[in-house]
1. Which trypsin sites (Lys or Arg not before Pro) from segment 229-306 combine a DSSP loop assignment with at most 12 other Cβ atoms within 10 Å?
2. Which entries of K264/K290; K59/K328; K264/K315 show an alpha-carbon separation above 27 angstrom in the structure shown?
3. Rg (Å, one decimal) plus Dmax (Å, integer) for the alpha carbons of segment 2-257?
4. Using Cβ counts within 10 Å as a stand-in for footprinting exposure, how do F22, F116 rank, fewest first?
5. Fewest Cβ neighbours within 10 Å first, please rank R176, R87 accordingly.
6. With the dipole of segment 2-257 worked out from charges on the C-beta (+1 for Lys and Arg, -1 for Asp and Glu) around the Cα centre, which of M74, G39, I181 lies farthest toward the positive end?
7. Is the C-alpha gyration tensor of segment 110-156 telling us rounded, prolate or oblate? Criteria: a/c under 1.5 is rounded; beyond that, a/b larger than b/c is prolate, otherwise oblate.
8. Can you pull the one-decimal nm distance between simple spin-label points at W17 and Y81, each 7 Å off the Cα toward Cβ?
Amino acid sequence: MDTIAGLFSFITTPVSWIIVQFHTLYGAIFGADSGWAWGLSIVSLVVLIRICLIPLFVKQIKATRGMQALQPKMKAIQERYKNDKQRQSEEMMKLYKETGTNPLSSCLPILAQSPFFFALYHVLAAIANGKEIGYIDGPLLASARQAHIFGAPLAAKFTDSAEKVASLNASITDVRVVTAIMIILMSLSQFYTQRQLMQKNVDLSVKTPFMQQQKMLMYIFPVIFAVMGINFPVGVLVYWLTTNLWTMGQQMYVINQNPTPGSKAQDQYLTRLLKHVGSHGDVKGRSKKKIVAAIVAKGPDRNDNERKFIAALTKQGLAAQADGSVVKSVEATADADAASGGAAKRQQPKRQSKSQRHTPSKPSPKK
């Protein structure tokens, strides 16, 4: 780990400078030597990095949508070469190349923030060894070494010896309890993030190598973090737990507001949207109109969720427009009646009694 962190040493100076700036702010509130001042400085570093990565996250979402658009073609390749796995893989790679999509696009945010992660590790390792690094020198180094979070020094690790922990004015029990809890939370948040992606925001109608890869990562990543976590300083655990929580919240927002077509999340979203239309009589909000417009533009290529949504609108006598709005439609009402078997029945003549049928009707008076 130290060797990997050393490869990113070029970024330790700017990372240390950012931490020092945040520490100056929080130190004025909690005290310069407070663990909260240093801990919140690391949390703020995460927030700053993730805000800067939002454009990359948007690009990731678009790439994922591009993968979803290829699902029919991928399914066709699977069926055509179901007995030739090698040819199937070759055709899949050819399709990715032709359309400019990348099945590994979901890893981009992790790759982009990895230099900051290892730079922070390098900074905290230097603090633990009492070495000045970047902008953390002199009094700041001494302050950082004494900063504790719930009794555990920022620079301490689960694997540290009792003597090393004692040099940081802490007990080995406190360090191991705090790090163990943070490692468990870090692994659970990673697992939940990947699980909600697989269960709610993936089109399960088509099984692809990409989906199988994501399913494997759902179980592999938490195990990797749990194993590696025992070698992370408490400050790095704070960083990684914060970024996991950010990712989880960010993903929950995307799933609820812009779900993947064909997914369970889309079905739930369109159900909520239908209730929204029923309450307001139209689609309110730019994002909602954008989604309805996209469904209208698909025409016959709509998935089951989208067809069900359009059919439900039709039953209510409504029609979705190309701009995403919804209007009353007489034709839609007629179609709904026909579809539900509720077409207006012809009025049947009133049934006459037997005596009425045998009684001759009176002739109409002559004019």
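1. Within segment 229-306, the qualifying trypsin sites (Lys or Arg not before Pro) (loop, at most 12 other Cβ atoms within 10 Å) are K284.
2. Check vs 27 Å cut-off fails for K59/K328.
3. Using the Cα atoms of segment 2-257, the pair Rg, Dmax is 21.3, 68 Å.
4. Numbers: F22 19, F116 23.
Least crowded to most crowded, the residues run F22, F116.
5. Fewest to most other Cβ atoms nearby, the residues stand as R87, R176.
6. The listed residue farthest towards the positive side: M74.
7. Working: a/c = 2.69, a/b = 1.45, b/c = 1.85.
Verdict is oblate for segment 110-156.
8. In this crude label model, W17 to Y81 measures out at 5.0 nm.
Every read-out reported here was derived from the displayed coordinates using simple, explicitly stated rules and does not represent laboratory data. Every value quoted in this text rests on a predicted model; they were computed, and no experiment measured them. Heads up, the Cβs are rebuilt from the backbone with ideal geometry, glycines too, and the neighbour counts pull from every protein chain shown.
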